[in-house]
1. Within 10 Å, at most 15 other Cβ atoms, and a DSSP state outside H, G, I, E, B define an exposed site. Report the longest part of the chain free of exposed chymotrypsin sites (Phe, Trp or Tyr not before Pro).
2. Report the percentage of all Cα-Cα pairs in segment 15-72 whose separation exceeds 17 Å, rounded to a whole percent.
3. Ignoring GluC sites (Glu not before Pro) that are buried or in helix or strand per DSSP, and keeping those with at most 14 other beta carbon atoms within 10 Å, what is the longest stretch of the chain between them?
4. Put +1 on the Cβ of every Lys and Arg and -1 on every Asp and Glu Cβ in the chain; which of Leu28, Ala97, Met233 then has its Cα farthest towards the positive end of the dipole?
5. Pairwise over distinct Cα atoms, reciprocal of the mean inverse distance: report the Kirkwood radius of segment 54-275 in Å, one decimal place.
Amino acid sequence: MSARTDWPAHLILILGVLLFIIPLWLVLAGSTLDPAAISRGELSMIPRLAGLRVYRDVLVEGAPGASPVWRMLLVSFGMAMAIAVGKIVISLLSAYAITFFRFPLRMVAFWTIFITLMLPVEVRIIPTYSVMSDLHMINTFPGLTIPLIASATATLLFRQTFLAVPDELMEAARMDGAGSWRFLKDILIPVSSANLAALFVILFVLGWNQYLWPLLVSTDPKLDTIVIGIVKMIGTESDTAWNRVMATAILALLPPVAVVVLMQRWFVKGLTEGEK
């Protein structure tokens, strides 16, 4: 009886997987075709092995008007890592301070962080750009990452996790000679391992997909991210090398997918240890 009730769920899951895989497969197959055939709408679901050399071409040469793809992938990876690690470190320390330390205006600091949830990057992008310009950080890698490394959402998630830790545990750690740093390193970070893994994946993908801020703060082709590079590859419909655009799109998917697959193990491990 249970096997019968599982069939609808399995069917829905299979349909969902097909909805995601078929477009990706079409892009993969299209990247191996002739650009003229793609412009005429003559797409094939069967990749051509001879056309796979386009991946080597875009990695080394890129496309007219764009940097080599290897450079754009490197910039995007560095930007995503800086944003993810920076957000986690700043959020972890700020949540730790707000939860376990008693200092003047502590709750004012917390609510100030909370209010910033209503101010996304798009709302504060003009003053942020002005600050970066005054600091001479336009067309620099720090200018790409520093304005994006603060996260109110991550701070709130860590604070909720830390609130579940009893104060007696901190007092016991102090009686055993553990200082504030050791309490954070040996107790709170392991307790938050599931949050750390999940947030890293989310924040890495968020940083990887950034478009508006890199578009404004960087005009140097050497600082083009992979998302900006794909847009630059697309000219008019008649002169766009669509096979190179599709190949670049496939290459742009690989790092986020790899991070999700690798960090999934740590995420499950964190959940298991949390239950213990």
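None of the figures in this text is laboratory data; all of them are computed from the coordinates on show. Everything numeric in this text was worked out from a predicted model, so none of it was measured. Because the Cβ atoms are built from the backbone with ideal geometry, glycine has one as well, and the counts that use them run over all protein chains shown.
1. Details: sites that count: Phe101, Tyr211.
Longest site-free region, per DSSP loop and neighbour criteria: 102-210.
2. Looking at segment 15-72, the distances longer than 17 Å represent 50 percent of pairs.
3. Free of exposed loop sites, the longest segment is 123-236.
4. Farthest towards the positive pole: Ala97.
5. With all distinct Cα pairs of segment 54-275 included, I get 19.6 Å.
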